[in-house]
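Here's the structure, in structure tokens; my notes come after.
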Amino acid sequence: MNARRKFLKGLAIAPVVARAWWAEAASEKNLLFVGTQTVKGSSKGIYAYSWDAANGELKQLGLAAATDNPTFLALSPNRKYLYAANEMQNGNVSAFAVDAAGAKLTPINVVSAGGSGTCHVITDHTGQAVFCANYSSGSASSFHVEAGGKLSDAVSHFQYSGHGPDASRQEAPHAHRVTVSPENRFLLVNDLGLDCIHVYKLDAATAKLVPNDPPQWNAAPGAGPRALRFHPNGKWAYCVLEMASEVEVLAWDDHKGTLTSLQKNSLVPEGYKGDHTGAEIVFDRDGHFAYAADRFDNVIVSFKIDTETGKLTLLGHTAYGGKTPRHIALDPSGHWLLIANQDSDTISVRSRDAKTGLIAETGKDFDLSKPQCLVFL
């Protein structure tokens, strides 16, 4: 009975807490870092923006750091350091110290990623280790974070081999995403080319990786696992299948390091016949709604999450006007969705209805050449 009373009391005060949190977040101006593609267009590296959550406004503060093709960014847990994946033929990972007051990034060091086409980077939950995925060469590496945010040379490196059934897209392995499990004991590597997610046991203190048993989860042939994100409760993982344009809901066993499929959901609007590829997925702060980006049909797909099972119910498709949504992010207030549009050279800002979970079709757009990744400080 006491437990039930505590639960009901929590429900009663939750709306008050939520309103207070929203009011605080809306009153603050936040810093946003944006990674870009520099091999095409006019961008020079990572850009800084001031974000005003009260009215959904972005103001560019300038070039935070000049660096080659920083197509993905990761902030350390203490927010003192930022790491960039330099997606080049000879891929690198760059480390920067964050100067929040000056909206600048000070270079610390640059290390070899151990492969080519470095497309993703992430830190572990303690900030002691950094990981990267190399798309073109089909490999993944880990690095230890030394004093002052400096990266070591690669501690662990895994080169994959083989191919998938699609000769045009899966002629070789293509590591696309590195994801640290909620309890910080495993690293998962999405491999679009081999239709699998490699799983490793992680020693965060040393950044050393050892293949798990079993060593991988297998997607359907030709599905192309691209992105992965864990639900805030840590029980489910949501995998964006790029080539299938689907989101697959997976149950996570944090003791065994295994994934089990629960549900698949299409991202393609009914009746659409053109090109489409899944890109990214994010959740609202409470884990009640999910938002996925699908490229070439250029939509944001909204889902409601069943908080008992993790399964998704489609709410709708938002054709928001941008072209090729490469990355999406909810702002700290949870009231706005930001979309990095690679081929329309814009960052779109669209409001989110916290009650219905729906995203507005119209809003504000801010010019930037080839935006790729959005990270709030």
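The values are calculated or read from the model by the stated rules, or taken from the named source; none is laboratory data. All of these numbers come straight from a predicted model, not from anything done at the bench. So basically every Cβ, Gly included, is an ideal-geometry build from the backbone, and we count neighbours across all protein chains shown.
Selection within segment 38-56: residues that are in a strand (DSSP E or B) and among the hydrophobic types (A, V, I, L, M, F, W, C). The member of this set that is farthest from T71 (Cα to Cα) is W51.
Only one of the numbered conditions (1) surrounded by fewer than 24 Cβ atoms within 10 Å (Cβ to Cβ); (2) farther than 21 Å from P70 by Cβ; (3) of a type in the set (A, V, I, L, M) is not met by V180, and that is (2).
Hey, among F303, F283, F289, F296, which residue is at pLDDT below 95 and hydrophobic (A, V, I, L, M, F, W, C)? Result: F296 is the single residue among F303, F283, F289, F296 that is at pLDDT below 95 and hydrophobic (A, V, I, L, M, F, W, C). Among residues of segment 247-258 that are more than 21 Å from E308 (Cβ to Cβ), none has a beta-carbon under 7 Å from a residue that is at pLDDT below 95 and part of a strand (DSSP E or B) at least six positions away or on a different chain.
Return the only residue of S141, S94, S112 being touching a Phe, Trp or Tyr at 6+ places or on another chain (Cβ under 9 Å), hydroxyl-bearing (S, T, Y) and under 21 Å from T38 (Cβ atoms).
Working: S141 fails: under 21 Å from T38 (Cβ atoms); S112 fails: touching a Phe, Trp or Tyr at 6+ places or on another chain (Cβ under 9 Å).
None of the others qualify; the one that does is S94.
Exactly one residue among D275, D365 is modelled with pLDDT under 95, closer than 27 Å to T71 by Cβ and either not polar (S, T, N, Q) or not in a loop (DSSP other than H, G, I, E, B) (or both), and that residue is D275. The residues listed here are N69, N86; of these, the one that is under 20 Å from the mean Cα position of the chain (by Cα), of a type in the set (S, T, N, Q) and at positive phi is N69.
Only strands (runs of 3 or more DSSP E) whose full extent lies in segment 213-263 are considered here, and none of them has at least 3 residues that are surrounded by fewer than 22 Cβ atoms within 10 Å (Cβ to Cβ), among the small types (G, A, S) and over 17 Å from the mean Cα position of the chain (by Cα). Residue pairs whose Cβ atoms lie under 9 Å apart, sitting 6 or more positions apart in sequence or on different chains, and linking a residue in segment 355-371 that is within 21 Å of D343 (Cβ to Cβ) to a partner that is surrounded by fewer than 17 Cβ atoms within 10 Å (Cβ to Cβ) and β-branched (V, I, T), are K370/V39. Among the numbered criteria (1) part of a loop (DSSP other than H, G, I, E, B); (2) of a type in the set (G, A, S); (3) closer than 21 Å to L330 by Cα, which single criterion is violated by A74? In the conditions (1) part of a loop (DSSP other than H, G, I, E, B); (2) of a type in the set (G, A, S); (3) closer than 21 Å to L330 by Cα, A74 misses (1) alone.
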